[in-house]
Amino acid sequence: MSPSFERINTFVFDVDGVLTDGSVWSHDQEEYVRRFYIKDGYAIEKALKAGYHIAIVSGGNEKGVFNRLSFLGIKHICLGVKDKKNTLLELLKKMGSTADTVLYMGDDIPDIAPMTAVALPCAPADAAIDTIHASQFVSIYNGGRGAARDVIERVMRARGDWKPEQW
């Protein structure tokens, strides 16, 4: 059965391993450094401008991550999360979204529980095997290398909202 992208109006993403490649650079400062993929950011901005809801649910909690996500225009950012499923359900209420219109993309074991609560659980190509098995759609792209752009573009194309000729 192929995934139903056209019913999605809300995206929820994990950060490490989804919006980043999962690498963490350590240095003598207090925060770790993560690398985001600019093409994912571009798609996030276009989805927000088109009226889609985007939220973040992540176990990580660095100021630099928050700054990047805020810069992209994401308003619903939950960092330092221990219980991703309950946080997701609370976020959906706050956003006025229902689970049957939500795509969640995660890459590892802590993402499986929230993935069971949405219409379209997704994973990057390099996700943990258990997370891949819990997914209805697995991107051909790795986390932090276009996986988020892939699902955003598929949804927006399915709904007739991906219009680069107008941008």
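Which Cα, out of Leu88, Gly106, Phe36, lies furthest along the positive dipole direction of the chain (beta carbon charges, K/R +1, D/E -1)? Toward the positive end, the furthest listed residue is Leu88. Using the Cβ-Cβ distance between Asp28 and Ala50 with R0 = 35 Å, the FRET efficiency computed as 1/(1 + (r/R0)^6) comes to roughly 0.25.
Exposed loop sites were defined as GluC sites (Glu not before Pro) in DSSP loop states (anything but H, G, I, E or B) carrying at most 14 other C-beta atoms within 10 Å; in the chain the longest segment without such a site runs 32-167. The order of His27, His133, His53, His76, going from fewest to most other C-beta atoms within 10 Å of their C-beta, is His27, His133, His76, His53. Using bins of 10 Å that start at zero, the share of Cα-Cα pairs per bin across the chain amounts to 11, 43, 37, 8, 1, in whole %. Computed over the chain, the per-residue total of -39500 (n - 2.57) for DSSP H runs of n ≥ 4 gives a 222 nm mean residue ellipticity of -9500 deg cm²/dmol, rounded to 500. Tell me the relative contact order for segment 5-161 as a rounded percent, counting alpha carbon contacts under 8 Å between residues six or more apart. It rounds to 31 percent for segment 5-161. For the chain, the tally of Lys pairs with Cα-Cα distances below 20 Å comes to 21, considering only residues 8 or more apart or on different chains. Could you let me know the centre-to-centre spacing of segment 100-117 and segment 21-36, using Cα atoms, in angstrom? Taking the Cα centre of segment 21-36 as reference, the centre of segment 100-117 is 24 Å away.
Computed from the C-beta positions of Lys163 and Arg35 and an R0 of 30 Å, the FRET efficiency is 0.55 to the nearest 0.05.
Read-outs throughout are calculated quantities, based only on the coordinates presented, and are distinct from any laboratory measurement. Quick caveat: nothing in here was measured; it's all calculated off a predicted structure. When we count neighbours, we look across all protein chains shown, and the Cβ atoms used for this are built from the backbone with ideal geometry, even at glycine.
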